[in-house]
Structure formats: structure tokens, C-alpha cells
1. Cut-off is 10 Å between beta-carbons; in what order do Glu152, Glu195, Glu128 appear when sorted fewest neighbours first?
2. Of Ala69, Leu228, Met238, whose Cα points farthest to the positive end of the dipole of the chain (charges on the beta-carbon: +1 Lys, Arg; -1 Asp, Glu; origin at the Cα centre)?
3. List Ile225, Ile283 from most exposed to least, where exposure is judged by having the fewest other Cβ atoms within 10 Å.
4. Taking only Cα atoms and a 10 Å spring cutoff, compute GNM fluctuations for the chain and point out the largest among Phe184, Phe244, Phe328.
5. May I ask you to list the aspartates and glutamates whose Cα is less than 15 Å away from that of Lys265, ignoring any residue fewer than eight positions away on the same chain?
6. Where nothing but the Cβ of Lys and Arg (+1) and of Asp and Glu (-1) is charged, how large is the charge dipole of the chain around its Cα centre, in debye to the nearest 20?
7. Of Lys135/Lys246; Lys31/Lys280; Lys31/Lys161; Lys135/Lys344; Lys161/Lys280; Lys297/Lys344, which sit over 25 Å apart, Cα to Cα?
8. Distance between Cα centroids, the range 207-277 to the range 365-392: provide it in whole Å.
Amino acid sequence: MSVFAYQALDGTARNVRGTIAADSPREARDKLRAQGLLVEAVFEQHLRSSSQRRLLDRPGRQAGQVASAIRDLSTLLGAGIGLVEALDTLTAQYRGSFRSSLMALRERVASGSSLSEAMEAEPWLYDELTIQMTKVGENAGTLDVVLDRLSEFRERYSLFKDRITTALIYPAIIVSLAVGVSIFLMTVVLPMLLENLVESGRPLPWPTRVLKAMSDLATTHGWWIGLLAIGAFAGFVMLIQTTFGKRLWHRTLFSIPVLGPLAKKQEIARVAIVVSTLMKNGIEFVDASRIAAQTTKNVLLRDAFAQMRERVQSGRDIGDALQATGIFPPMVVHIFTVGQQTGKLEDMLDRLATGYERQVSNATARLTAALEPILIVVLAIFVGFILFATILPILEAGNVL
């Protein structure tokens with residue numbers, strides 16, 4: 001029996017680390033699930049090298065390479081190539097630490113382990129969704145088909161995230177430009193321009209006095225203001241790492257007008273895609289929802305799915321169990337209800353996810369399109385005020401006004 005170290009989340013979404021004795025990583029995971037933990041990573045203690053710790057501490061690292069490798073492996077298996085030979089071919093396509101991981105995966109498979117068992121030995125690379133779907137494909141004898149569906153899911157979700165990120169790039173550039181211009185004007189340009197006006201001894205108009213006070217504050221206490229901003233940001237990051245902070249932040253996020261519903265739809269779409277994909281590959285709803293809940297970092301949704309599973313296991317309908325959580329919109333509850341009644345839950349969840357993805361993408365595009373001119377106007381007003389406040393005393397001194 002070996003000793004395995006693990007990283008998991010308890011029922012309150014608190015990070016839990018520890019060790020457990022088991023004969024295999026799979027048995028260790030089963031024992032931890034029996035304790036009510038959501039397992040994120042399990043590994044033999046003596047295998048935990050510094051490089052593996054770095055991978056474990058950075059969720060999502062090498063995710064793009066994993067997704068590409070899954071797609072390529074599906075193609076090779078579909079062409080009739082054996083698993084070990086396919087892994088050999090796959091290994092030759094990569095370099096660096098990921099190549100080493102693929103070589104280790106190949107060696108475990110060649111030694112008699114199934115692909116899913118070999119993946120379980122590297123939880124910092126292969127999440128539970130990947131492991132469970134691989135296991136389904138092995139049991140059904142359709143590993144190439146299942147891996148193809150898994151890669152389609154990952155590509156679909158990656159495309160969805162890329163659309164949101166792309167839509168937010170331009171507003172982020174405008175905001176960064178506005179902050180940079182403001183700091184430069186306040187700390188470099190304005191002190192030089194206002195110095196002569198102050199030395200003239202003439203009373204300054206109120207816009208100029210306001211501008212001078214802002215400039216003095218920026219030049220005199222700029223470092224303290226910067227440190228305070230950094231400290232506030234660091235405090236916020238530390239707060240949302242706690243159970244209380246996560247709940248408070250996620251509850252606040254969901255309550256923000258316009259942005260809250262979009263954030264909720266984005267998370268629900270992600271979970272719906274995972275549940276649909278798993279159910280299409282033969283995994284029961286309760287197990288599929290448990291795995292899917294681990295793909296979202298939102299504590300409120302994770303808790304809601306845990307409550308829903310308990311109610312479903314006690315005999316309640318899925319729709320009623322979802323409605324009792326108070327988190328899901330009526331349309332989502334209705335889709336789950338109808339899907340269960342018609343026996344087409346996975347298809348309806350796929351449609352729900354597609355619809356929500358489209359709504360979030362379109363709404364984000366509209367918001368950013370409206371935000372761009374607003375940010376430009378605000379920046380123009382600010383720069384215009386600076387110019388006006390600087391020129392006004394000069395004009396008054398020349399009796400122009």
C-alpha cells in the first residue's frame with residue numbers, strides 16, 4: 001500500500017491538503033470522494049518533484065498542449081494505430097516538460113495500465129473530466145470517438161473564452177491609456193505649467209486650484225497612493241482565497257446589474273456543456289453533475305449542484321431539486337425538467353449551453369461597443385479640463401476674458 005498526497009475541496013469550497021493510504025491513485029480518489037471531498041489532485045508522495053509542484057500550483061498550465069494531444073491521439077487511434085504506437089508518435093511531436101510527461105504516460109500504458117489509469121498518475125495535467133471520459137471510452141471500446149468528443153468540447157469552450165477575452169481587449173487598452181496619460185500629466189507636465197502661474201502671485205481661478213491640488217497630491221503622495229492601491233488589490237486577492245471571501249465575491253458578482261446575469265449564464269453554460277458531454281458518453285446524471293461542478297470555480301453554483309445531487313439521490317426530480325437551490329433561472333429549471341421527462345436531457349443541455357454562449361458573446365460585444373465611446377469621451381473630458389484649467393489663468397492675465 002502506498003501513501004498518496006492529495007489536494008481537494010471540502011463541502012464549504014475550502015482547499016484541503018493531506019495524505020491518504022491506498023493501493024492506487026484510483027482507490028485514493030474513491031476514498032476521498034467517500035469523505036465528501038471534490039478531488040483536484042492525487043499523487044504518490046515520493047513522486048512529488050519540484051516541477052510537479054509547480055504544475056499543481058498553476059491550474060490550467062499546459063492545457064493547450066493537452067487539448068491538442070487529445071485531438072491528435074483521437075486521430076491516430078481512429079486510423080487504426082495501436083495505443084502504444086500512437087503515444088510514441090504523439091511524443092515525437094512535443095518538446096520540453098510535456099514531452100517528458102507523454103513519455104511517462106506511454107511507459108505506464110506499455111507496462112499494462114489502461115490510459116485512464118496512466119492519466120490518474122498525473123492529475124496536474126489531466127483533470128477528472130478527461131480521466132472519466134477516457135475510462136468510458138475504454139469500457140465501451142470507442143476510445144477514439146470519446147477522445148474526439150472530449151477535444152471538441154475543449155475546443156468549443158476555448159473558443160468561447162477567446163471571444164470574451166477578445167471583446168474585452170480594446171476597453172482594457174483604453175483604460176490603461178487613460179490611467180497612463182493621467183499619471184504623466186499630473187506628475188510631469190502640470191507641475192511645470194503651473195509653476196509660473198503660482199509665482200506670478202495672481203489669484204488662480206477655481207478650476208486651476210482644483211487641478212493644482214490634484215497635481216500636488218499626485219507628486220507629493222504618489223508613492224503612497226500607489227502602495228495603497230497595491231495593498232488594496234493584494235488584500236482583495238487574499239480575501240477571495242478564503243471561503244467567506246469567495247462566497248461574498250461570487251454573491252456580489254451575481255447581484256451586479258447586467259454583469260451578474262452574464263456571469264451566471266457563462267458558468268451555467270460551462271457546466272451544461274460538461275454534463276451533456278459526459279451523459280452522451282454513458283455517464284449517469286448524478287456522476288456527470290458531480291464532475292461538471294468541479295469545472296466551475298463559482299462557490300454558489302458548486303454548492304447548488306451539491307444540494308441538487310443530494311435531493312436527486314433522495315428521489316426528487318431534477319427540476320424540483322434545481323429550483324429548490326434558488327440559484328438557477330426558471331428557463332434552466334424548465335429545460336432540466338423537460339429533458340428528464342422526455343429522456344433527452346443531454347441534447348437539451350447542449351442546446352441550453354449553445355444558447356447561453358451566444359447570449360453571453362452577443363451581450364459582451366454590445367457592452368464593449370457601448371463602453372468604447374464612453375471611455376474615449378471620459379478621457380477627452382478629463383484632458384479638456386486639464387487644458388482649460390491651465391489656459392484659463394493665462395487668458396485672464398491677458399484680459400482676454
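No lab work stands behind these numbers, since they all come straight from the coordinates. Bear in mind the structure is a predicted one, so any value in this text is a computation, not a measurement. Here the Cβ positions follow ideal geometry from the backbone for every residue, glycine too, while neighbour counts run over all protein chains shown.
1. Lowest to highest Cβ neighbour count: Glu195, Glu152, Glu128.
2. Farthest along the dipole direction, towards plus: Leu228.
3. Values: Ile225 12, Ile283 21.
Ordered by Cβ neighbours within 10 Å, fewest first: Ile225, Ile283.
4. Phe184
5. Within the straight-line limit of under 15 Å, Lys265 reaches these aspartates and glutamates: Asp350, Glu357.
6. Taking the Cα centre of the chain as origin, the dipole is about 680 debye.
7. Working: Lys135/Lys246 33 Å; Lys31/Lys280 27 Å; Lys31/Lys161 34 Å; Lys135/Lys344 23 Å; Lys161/Lys280 23 Å; Lys297/Lys344 27 Å.
Pairs exceeding 25 Å: Lys135/Lys246; Lys31/Lys280; Lys31/Lys161; Lys297/Lys344.
8. 22
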